[in-house]
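Peer 1: Dumping the structure here so I can ask a few things about it.
Each reported figure results from applying straightforward, stated rules to the coordinates on display, with no laboratory input. As the structure is a computational prediction, the values presented were derived from the model and not from experiment. Heads up, the Cβs are rebuilt from the backbone with ideal geometry, glycines too, and the neighbour counts pull from every protein chain shown.
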Amino acid sequence: MSIAKIDIDTLQAEALLTDKPEALIVTYWKRLRRHRLATASLLILAGIILLVLVGPMIMSQRTYYNVYSGSYVNYSRDTQDLGAINASPSREHLLGTDELGRDVLYRLLVAGRLSLTIAFTVTLVAETFGLFLGAVSGYFGRGIDSAIQRVVEFIIILPSLPLLLVMSSILRNLQISFLPPEWSQAVVIIVILAVLGWTGACRLSRAEVLKLRNMEFTEASRALGMGNLQIITRHMMPNAIPPIIVSATLGLGSVILVESALSFLGFGIQQPVATWGNMLQNVQRDMFTAPWKALYPGLMIFVTVLAFNYLGDGLRDALDPRLKM
């Protein structure tokens, strides 16, 4: 073997040894991009979020001719045009109007804001609380673990839909002094769904921490003088996050469905506040004469929930180290 050849091999070996490893988030992103449905779902969700945030601001700057008042008015959530009740899609009302002459497109976008805000808030609160409680349960074990898991089992066996209906009926007239009425109703729904929705994250977090609590890095942390709370928040919880992210993504779709069902049944957010669920109230009688009233809110619920589910499926594959994509 020549000297030149030896030098080349040595340089190549040194380059491999000194090459910086790829960031974990970049690895996850590359694996997620290979899941075509998840990537498409991410783009669709980004488009929906951008649309519900920007759309009402753009529409509110425009005017349309109000047949009932005989003048031009701005688009808004509650502006009625009694001369154009259940009007079919037109240039002034791209998705038609409802039974009170309100613009369906504007209400659909405003409703999306509230429905998605409720979904993200409930998921964030429930998954964070479940992650922490599950980490505490798995880390300490014994009596603490047993007590927490009995509470989890009790909540799981409760008949969720009847309980949601009863709690919503009792609390829906609650008025929080520093909030407008529509956000008071939203807070009540958020609290109810979060109280009943943290158990899945708790079990996932506990399962991960049970595998981690006796590993070398945990023993080293104790030897360095770290307290139990520090070990849980700095080591246990971050290592339990990947399955929680997948659970949260799938849970977002479930929250949208539950909130829509409550609003559709009249136990959720009340009119005139718009959500995708309560926009479907009382549309049965107009299903054949004004089908757009049911089509567009139902389509938004369907597309959003489906996109969240596909995204969760892709995240599961990307974050699971046992799967090679």
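Peer 1: Return the distance in nm (one decimal) between the two label points of a simple spin-label model at Leu210 and Ser90, each offset 7 Å from Cα along Cα→Cβ.
Peer 2: Taking the two extended label points, one gets 6.4 nm.
Peer 1: Mean residue ellipticity at 222 nm from the helices of the chain, using -39,500 (n - 2.57) per DSSP H segment of n ≥ 4 over the full residue count, to the nearest 500 deg cm²/dmol?
Peer 2: Calculated mean residue ellipticity at 222 nm is -22000 deg cm²/dmol.
Peer 1: Please compute the length gained on full extension between Gln284 and Thr117, using 0.36 nm multiplied by the number of residues separating them and subtracting their Cα-Cα distance.
Peer 2: Going from the current span to full extension adds 57.4 nm.
Peer 1: If the only charges are +1 at each Lys and Arg Cβ and -1 at each Asp and Glu Cβ, what is the size of the charge dipole of the chain around the Cα centre, to the nearest 20 debye?
Peer 2: Working: 27 positive and 23 negative charges, 62 e Å.
Using Cβ point charges on Lys, Arg, Asp and Glu, the chain gives about 300 debye.
Peer 1: Test of understanding: what is the full-extension gain from Gln270 to Val303, defined as 0.36 nm times their sequence separation minus their Cα-Cα distance?
Peer 2: Residue separation times 0.36 nm, minus the Cα-Cα distance, leaves 9.5 nm.
Peer 1: Taking the chain as a Gaussian network, Cα atoms linked when under 10 Å apart, which of Met279, Met236, Met215 shows the biggest mean-square fluctuation?
Peer 2: Most flexible of the set in this elastic network: Met215.
Peer 1: For the range 186-194, just list the computed ³J(HN,Hα) in residue order, Karplus coefficients 6.51, -1.76 and 1.60, θ = phi - 60°, integers in Hz, with x standing in for Gly and Pro.
Peer 2: 5, 4, 4, 5, 4, 4, 4, 5, 5
Peer 1: Sticking with this structure for a sec: Over the chain, what is the relative contact order in percent, taking alpha-carbon pairs closer than 8 angstrom and at least six residues apart? Could the numbers behind the result be given before it?
Peer 2: Details: 420 pairs, mean separation 71.9, N = 325.
Once divided by the residue count of the chain, the mean separation gives 22 percent.
Peer 1: Could you work out how much longer the chain between Val191 and Val166 gets when fully extended? Use 0.36 nm per residue separation minus the Cα distance between them, nm to one decimal.
Peer 2: Roughly 7.6 nm would be gained on extension.
Peer 1: In degrees, nearest 10, range 0 to 90: what is the angle between the Cα axis of helix 199-212 and the longest Cα principal axis of the chain?
Peer 2: Relative to the chain, helix 199-212 is tipped by roughly 10 degrees.
Peer 1: Please turn the phi angles of the range 147-153 into ³J(HN,Hα) values with the Karplus equation 6.51 cos²θ - 1.76 cosθ + 1.60 (θ = phi - 60°), one per residue in order, whole Hz, x for glycine and proline.
Peer 2: 5, 5, 5, 5, 5, 4, 5
Peer 1: Let me ask you something else. So how far, in whole Å, is the C-alpha centre of the range 205-261 from the one of the range 281-308?
Peer 2: Rounded to whole Å, the Cα centres lie 38 Å apart.
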